[in-house]
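Quick note: the coordinates plus some simple rules give every number you see, no bench work behind them. Since the structure is predicted, the reported quantities are computational estimates derived from the model, not experimental observations. Here the Cβ is made from the backbone with ideal geometry for all residues, glycine too, and neighbour counts use every protein chain on show.
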Amino acid sequence: MDTVGALGDTGILAPFNRITIKVGSALLVDDATGQLRTQWLQSLADDIAGLKAAGKQVLIVSSGAIVLGRRILGLDAQSLSLDQSQAAAAVGQIALSQAWRDSLTAHGIITGQILLTPNITEERRSFLNARTTINTLLDIGAVPIINENDTVATGEIRYGDNDRLSARVATMVESEALILLSDVDGLYTAPPGTSADATHIPHIERITPEIDAMAGGAQSHLSRGGMRTKLEAGKMATEAGTAMIIARGTEAHPVAAIARGGRHTLFAPRANPLAARKRWIMTGMMTGRLTLDAGAVEALKRGSSLLPIGVTRVEGSFSRGDPVAILAPGGEELARGLAGFDHLDARKIAGRQSGEIAELLGRATRTEMVHRDNLVLVAAGKE
């Protein structure tokens, strides 16, 4: 199959420039043998290569580490203890990373592994660090392969799922679309395996209580999710401006099938990701103020980051990642953004050259007082 050709205009995926794809254990691993479904993974790699050839950025949130590690270690799935699950994750993460690397390297695509737990996407400092790493990988053309860090996150092994993690990741990096590859081709009015009257729903404008009531349970012992967790992921994603698609992933080339109009359910976003992010920054409680010189004001209006040399005054008590107001020399509010340093470090480096920061703070660090990705001009934010 000429996947690059099939995804040349990307069909219904054309509006989305950054796409997060969630792949579950039941798709990656054969239920009967516990072996990796290598040919299926290669077909998905073909699809990813097609998306990238069309100019898209792609992230993967992949399950499968515990399942693969369990098989390698010869552990029984039915009697797996928590300690054994963590050991299996440690072994399986290597196998999973290698499988993704091998499948995408065949297309000349570099991969990078990132292990997360949901709390990392919710704590300010960890959130900023993780997002910066993922954005850097995407900007240099790599495909980040993201998984829960099941070797240490005991709560996630017992209760977690990658549907909700993928929604957190998608919103963290402002993906326009989140694709959940599943064993069903979308949402039905009732579980299709148990109800003869179940009707497929192709488009959902908003997840209402009535939509919630349609969710069933997990269909596979390999899966820790189900339609209920997918709807919870959908609420997270769509409220933050990310569209979500649920589609069948069991057959070869599942993303190409979506692009060609294969059956799926699309959950419409409530706003675009940039607008949602701007709104979040603009409506946060400001914990500090940074006053700029005239040169910094002009640089911000041109779309640059705020560097320490342009800051003349630091007020307030704030931590890295807190919202701060950015003021012009006369005191009028010019912008709002997320602080790149806490207030103590910000005072030390205000007005100084970027090359001096490491010496002043005693460590190597980033140089932006507020990165342009975390900054909204007040006029633009109110439009």
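Between Ala54 and Asn17, what is the label-point separation in nm under the 7 Å Cα-to-beta-carbon projection?
1.6 nm
Reachable lysines from Lys278, Cα under 21 Å, same-chain residues fewer than 8 places away excluded?
Answer for Lys278, where 21 Å is the Cα cut-off: Lys235, Lys301, Lys382, listed by chain and number.
Can you work out the FRET efficiency for the pair Ser195 and Ser304, with r the C-beta to C-beta distance and R0 = 45 Å, to the nearest 0.05? Walk me through the intermediate numbers first.
Values: r = 57 Å, r/R0 = 1.26.
So, using R0 = 45 Å, E works out to roughly 0.20.
How far apart, in nanometres, would the label points at Arg347 and Ala77 be if each is projected 7 angstrom from Cα along the Cα-to-Cβ direction?
5.9 nm
Which percent, nearest 5, of DSSP beta bridges in the chain are antiparallel?
The antiparallel proportion sits near 40 percent.
Hey, quick one: spin label on Val152, modelled 7 Å out along Cα-Cβ, who in the stretch 86-120 has an amide N within reach, i.e. under 12 Å?
It comes to 115-117, 120, nothing else.
Give me Arg131, Arg313 ranked fewest to most by other Cβ atoms within 10 Å of their Cβ, as a rough exposure proxy.
Arg313, Arg131
Taking amide H atoms as placed 1.01 Å from N in the peptide plane, list the residues 5 or more away in sequence, or in a different chain, whose amide H sits under 5 Å from that of Arg18.
Residues meeting the amide H criterion: Gln57, Glu176, Ala177.
Quick query: amide H of Gly288 versus all other amide H atoms, modeled in the peptide plane; which residues come in under 5 Å with a sequence gap of 5 or more or a different chain?
Residues meeting the criterion, in which the H sits 1.01 Å from N, are Ala325.
If you take the beta carbon distance between Arg372 and Gln113 as r and set R0 to 25 Å, what does 1/(1 + (r/R0)^6) give as a FRET efficiency, to the nearest 0.05?
Between Arg372 and Gln113 the formula returns 0.35.
Let me see the P(r) profile for the chain: every Cα-Cα distance counted, bins of 20 Å, each bin given as a percent of all pairs.
27, 52, 21, 1
Helix-only mean residue ellipticity at 222 nm, the chain, DSSP H runs n ≥ 4 weighted -39,500 (n - 2.57), per residue, nearest 500. What is it?
-11000 deg cm²/dmol
Could you line up Arg366, Arg125 from fewest to most neighbouring Cβ atoms inside 10 Å?
So the residues, fewest neighbours to most, are Arg125, Arg366.
Using the Karplus curve 6.51 cos²θ - 1.76 cosθ + 1.60 with θ = phi - 60°, work out ³J(HN,Hα) for each residue of the stretch 28-37 in order, rounded to whole Hz, and write x for Gly and Pro.
Rounded to whole hertz, the list is 7, 10, 5, 4, 7, 9, x, 8, 4, 7.
Going by amide H atoms built from the backbone, whose H comes under 5 Å of the H on Val29, apart from near neighbours?
Under 5 Å from the amide H of Val29 lie the amide H atoms of Arg37, each far enough along the sequence or on another chain.
Any chance you could check the Cα centroid distance between the stretch 259-298 and the stretch 336-352 for me, in angstrom?
Distance between centres, Cα-based: 22 Å.
Quick check: convex hull of the Cα atoms in the stretch 284-381, volume per residue, rounded to a whole Å³? Don't skip to the answer; put the middle values down first.
Details: hull volume 8.3 nm³, N = 98.
Roughly 84 Å³ of hull volume per residue.
Listing Leu41, Leu360 from the residue with the fewest other Cβ atoms within 10 Å to the one with the most, what is the order?
Lowest to highest Cβ neighbour count: Leu360, Leu41.
Under the Karplus relation 6.51 cos²θ - 1.76 cosθ + 1.60, θ = phi - 60°, what is the ordered set of whole-Hz ³J(HN,Hα) values for the stretch 107-117, x standing for Gly and Pro?
Calculated HN-Hα couplings, in order: 9, x, 9, 8, 10, x, 8, 10, 9, 10, 10 Hz.
Got a sec to turn the phi values of the stretch 133-142 into Karplus ³J(HN,Hα) couplings, 6.51 cos²θ - 1.76 cosθ + 1.60 with θ = phi - 60°, whole Hz, x for Gly and Pro?
Result, ordered by residue: 4, 5, 4, 5, 4, 5, 5, 8, x, 7 Hz.
Could you sort the peptides 162-171, 245-254 by per-residue average Cβ neighbour count (10 Å cutoff), highest mean leading?
Ranked by mean Cβ neighbours within 10 Å, highest first: 162-171, 245-254.
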